[in-house]
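**Student:** What follows is a structure written as structure tokens; I'll ask about it next.
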Amino acid sequence: MDKNNKNKRIALILAGALILAALILLAKCSHGAQMPVKDKQSVIVPEGGVVLTDEPKTSSAERGVEIPGIECLEINADTAQAQLDLYNPVSNRDAYYLSFELILLSSEKPETLYLSPLLAPGESVGGITLSHSLAPGEYDALIKVQPYQMDADRTMTNNAELKIKLTVRRGV
Amino acid sequence: MKKFFLSLLIAFAMPLNANAADITEGSGSQSGQVSVDYSLPSGYIVTIPADVAFTDSQLSVQRAVSAKNVRLSQGSTLHVYAKSKNDFKMKNADSYINYSMLVNTAEFNESGIVLSVLSGETSGWALLDLTAAPSGEEAYAGDYTDTLTFTVAIE
């Protein structure tokens, strides 16, 4: 029995030694050919390689100008305060400013209710003050979006007009 | 005693459920209804060609009109119309240069529509082929320009 226990102990020690040796060998092998560590912020660039991004490398003229649009706008009656959730997309960076003009079509002559300042890419309109309040009802309106090149002259480009339904409600 | 405290607890807890449906104790099974809703607005992002520049060596230019993140009410369609300020003439004072536009290789028709996206679809695009036709007898040097306006309507 003692002999058996002794043999078992020797076998265990030998097995442990073998495992330890294998681990040491593995560590030495991996040290000689380390995999680069990639974290969320870094990009691995192989030698002579090219970093690929999501966007193709085209000029701003070829990319065009992105314009967000809405179908409806709801505002409160008897107040000139309103919320206009429009913005200049970040994708227009280094290329175009945008301005937004809210035009009422239902009156005898189209009239501008609001004209935004030039918005840089990433900026939004948000809370606005209309030229005057409106009575409750549904109106045809237009949002004229004018892009401007980011040059010294702020050159105007082709533009867009977004047809919308303007709903004026009491106590919204 | 236990029942007394339980009743007190229920009595104090009741005002906290003011917004829930009231279900009063009765002999049979009871039920109440609460409406649950979430309103999703319609919207889209369109990309239009900002500039089209012709040169002597490049009289034909391709641009695209596209729409993405489109969300419409069921049954409606997003249309993008194009209109030239000068009836497809690039002008410099009283001199002009004609140009033409094809939409997805087809002639640009009277409807003015360059792109349509149906409800249920989230994106779409159209290819514009623009070709300038200078006569060679233009009166003036300088910039000949026109402006394209793209009107977006959900119909």
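**Student:** Hey, B:PHE88 hits all of (1) within 14 Å of chain A (Cβ to nearest Cβ); (2) in contact (Cβ under 8 Å) with a residue 60 or more places away in the chain; (3) surrounded by 13 or more Cβ atoms within 10 Å (Cβ to Cβ) but one; which does it fall short on?
**Tutor:** Just one mismatch for B:PHE88, condition (2).
Conditions (1) touching a helix residue (DSSP H, G or I) at 6+ places or on another chain (Cβ under 7 Å); (2) of a type in the set (Val, Ile, Thr); (3) at pLDDT below 95, marked per residue:
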site	(1), (2), (3)
A:GLN83	no, no, yes
A:VAL90	no, yes, no
A:SER107	no, no, yes
A:LEU113	no, no, no
A:PRO117	no, no, no
A:GLY122	yes, no, no
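**Student:** Can you name the residue in region A:80-100 that is open to solvent by less than 40 Å² (accessible area, probe 1.4 Å) and of a type in the set (Ser, Thr, Tyr) and, of all such residues, is farthest from the other protein chains (Cβ to nearest Cβ)?
**Tutor:** A:SER99
**Student:** How many residues are exposed (fewer than 14 other Cβ atoms within 10 Å of the Cβ), over 14 Å from the mean Cα position of the chain (by Cα) and either of a type in the set (Lys, Arg) or assigned to a loop (DSSP other than H, G, I, E, B) (or both) when one looks only at region B:113-155?
**Tutor:** Counting residues in region B:113-155 that are exposed (fewer than 14 other Cβ atoms within 10 Å of the Cβ), over 14 Å from the mean Cα position of the chain (by Cα) and either of a type in the set (Lys, Arg) or assigned to a loop (DSSP other than H, G, I, E, B) (or both) gives 9.
**Student:** Restricting the first residue to region B:64-76 and requiring it to be outside any strand (DSSP E or B), which pairs with a second residue that is not polar (S, T, N, Q) meet a Cβ separation below 7 Å and a spacing of at least six or different chains?
**Tutor:** Close Cβ pairs (under 7 Å, with a partner that is not polar (S, T, N, Q)) amount to B:LEU72/B:LEU78; B:LEU72/B:ILE154; B:SER76/B:ILE154; B:SER76/B:GLU155.
The values are calculated or read from the model by the stated rules, or taken from the named source; none is laboratory data. Bear in mind the structure is a predicted one, so any value in this text is a computation, not a measurement. Cβ coordinates were reconstructed from backbone atoms using ideal geometry, including for glycine residues, and neighbour counts include every protein chain displayed. Calculation scope for accessible area: heavy atoms of the full protein, side chains included, ligands and nucleic acids excluded. Shrake-Rupley method; radii C 1.70, N 1.55, O 1.52, S 1.80 Å.
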